[in-house]
1. Mind listing the phi-derived Karplus ³J(HN,Hα) values for region 109-119, rounded to whole Hz, using 6.51, -1.76 and 1.60 with θ = phi - 60°, and x for any glycine or proline?
2. Please state, to two decimals, what the Cα-based radius of gyration of the chain comes to when divided by 2.2 N^0.38 Å (N = residues).
3. With a cut-off of at most 16 other beta carbons within 10 Å, and DSSP calling the residue loop, which chymotrypsin sites (Phe, Trp or Tyr not before Pro) in region 82-138 qualify? Please list them.
4. Hey, what angle do you get for helix 85-99 against the long axis of the chain, alpha-carbon based, 0 to 90 degrees rounded to 10?
5. How high is the relative contact order of the chain, in percent, with contacts defined as C-alpha pairs under 8 Å that are six or more residues apart?
6. Give Lys279/Lys460; Lys322/Lys352; Lys237/Lys501; Lys299/Lys476 a once-over and call out the pairs whose C-alpha atoms are over 32 Å from each other.
7. Determine the per residue accessible area of region 518-593 with all protein chains present and a 1.4 angstrom probe, expressed in square angstrom.
8. With +1 on each Lys and Arg Cβ and -1 on each Asp and Glu Cβ, and nothing else charged, work out how big the dipole of region 3-250 is about its Cα centre, in Debye to the nearest 20.
Amino acid sequence: AAAAGGGWAEVCEKFRTARTLSAVESRKDPETEPYRSKYSARALLQEVKQLLSAAEEGGEARLVAVRRAVLEYELGVNHTDTEELSAGEEHLQRCTQLLEPHRFSPDCVSLYIQAQNNLGILWSERDEIKTAQTYLESAEALYNQYMKEDGNPPLDPSEHFMAEEEKLTDQERSKRFEKAYTHTLYYLAQVYQHLEMIEKAAQYCHTTLKRQLEYCGYYPVEWALNAATLSQYYLSKQCFMESRHCLAAASVIFSQAGQVPSAEDNETEQDQQDLRQRKAEIARCWIKYCLNLLQSARKLLEDNIGELDPDRQLELKAQRKKEEEEKEKGRKKAVLFGTSDICDSVLAMEEKVSSVYPLDFQEAREIFLVGQNYVQEAKEFFQVDGYVTDHIEIVQDHSALFKVLAFFEEDYERRCKMHKRRIDMLEPLYADLNPQYYLLISRQLQFELADTYYEMMDLKVAIGNRLEELDSHTIKKINSLAQLAIKYYELFLDSLRNPDKVFPEKLEEDVLRPALVAKFHIARLYGKLITSDSKKQLENMQTSLEYYTFLVDYCEKYPDAVRAVETELELSKEMVGLLPTRMERLRAKLCPFI
């Protein structure tokens, strides 16, 4: 009887205060007592529990059970929040036991799902991912079955402690229920990620993002970062349209941050800094998108010596024309995010960059320019002072954009200029780097600089071959490029030596191919040096032979290495066979009387 009169109003009031303490007041708790409000809320919930027991004599059993379950749930979450996991688990288990028989009914289904979500989180925090998976998948199954068999907006757990006139509208009920289910999917995505079920994780992440937009339950910054991360998954699967869609949505939603006051805001200098960093991180995802799209197109178009194959190009252009019409229609429906106004902004963003393979220089250049803009944006935040590693990675991506654009360029002189741009951005970074602290990056830069000079030397030789005869300017250029390439390859190889300057007997797996390729390229470079001094020429041939021989001997000693350098090994064997005879001939020319 007490429950019907003033006593019940008091119970509801205490319950409401406990929830406010937990959700609102706790944000203002001092660092010295981080859980002050949570503990006050707990005391109130215990009081409500007592009052309930007193008021329940003779009450309807089912109603009593459901109200007790709500309190057990609140107490469970409360203990989990204060990092008392075992107590939290007990309360949540009690909640689900009380609800088990009624879990399909509209007044229990939402609470049951939320209890299972929290048990899922709790087990994840203990690193028991499989157990977490069981609870979350069971919550997912319950939602699906309820929606199929009943589908009416169920009661929100808080309504069990409200007066009739305070009860929620169906619309609000539905929104809260859907939000609880979105949480289920969000945690499942993380569980699948942990279990390395990557495709499933991506699918759940996508659905979560979609639902968060639909029900307006998201923080712009967090949402945008999750969408940008998902875009990288689609990149790895070569799904460029989906990847671009996620990135465009990320950029659009991110721009809401700071416009809409939210729990995320409370602007401080640190927050501003964080926003700038997140924006730069999304820019970096765009760079990877442009780079991957260009590199994948190169793979499709290159012949067996890495040049653009014009027949393949024509074939792909014809094929694309045919596919384009059909494909756009079908794929669009599957992945679109959000409401119409968001969709419009996302579409406008998508139209700024293609999602189909570029098949000629013009198309490649457009993608390159978008990537380059994002490089500038990312570098604004990730400056060399304070963010050395990030800054260099971004510049390496910029260099890679030039490298892949050069593939599409037919004119050798212009191609050479693009590689020169790479040298100009990488060399100063390398010069300022302390290899003691940054050994790995230092090696990457040495190798890339060497490769770029090597490529420029090859281009200059090709340009020279078109001339009637080589002029001294071109000869100088070829020689100086070759010397610079040799310099950087040697620096790279020296970095592999031990403190006593001894080159390793057996190469580590991660440097095996680069080291052998460096040896092979140096051998070739000595063969390309142009000199009219026959004695010098003999020395160069001798050095060349030594490097080729190194490769052949190494692979004989360690047959495992062969698969890393098959082509290089074949050519090296050939040269080891040819060079001694050539050297003999040259010697005979030099000293005909011996």
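The values are calculated or read from the model by the stated rules, or taken from the named source; none is laboratory data. Worth saying up front: this structure is predicted, and the values here are computed from it rather than measured. Cβ: placed from backbone, ideal geometry, glycine included. Neighbour counts: every protein chain shown. Note: accessible area is taken over every heavy atom of the protein model, side chains too, but ligands, DNA and RNA are not part of it. Shrake-Rupley method; radii C 1.70, N 1.55, O 1.52, S 1.80 Å.
1. Going residue by residue, I get 4, 5, 4, 5, 4, 5, 5, 5, 4, 5, 5 Hz, with x marking Gly and Pro.
2. Relative to the 2.2 N^0.38 Å estimate, the chain comes out at 1.34.
3. Taking region 82-138 and a limit of 16 other Cβ atoms within 10 Å, the loop chymotrypsin sites (Phe, Trp or Tyr not before Pro) found are Phe104.
4. Helix 85-99 sits at roughly 60 degrees to that axis.
5. 7 percent.
6. With Cα atoms farther than 32 Å apart: Lys279/Lys460; Lys237/Lys501; Lys299/Lys476.
7. In whole numbers, region 518-593 has 60 Å² accessible per residue.
8. Using Cβ point charges on Lys, Arg, Asp and Glu, region 3-250 gives about 580 debye.
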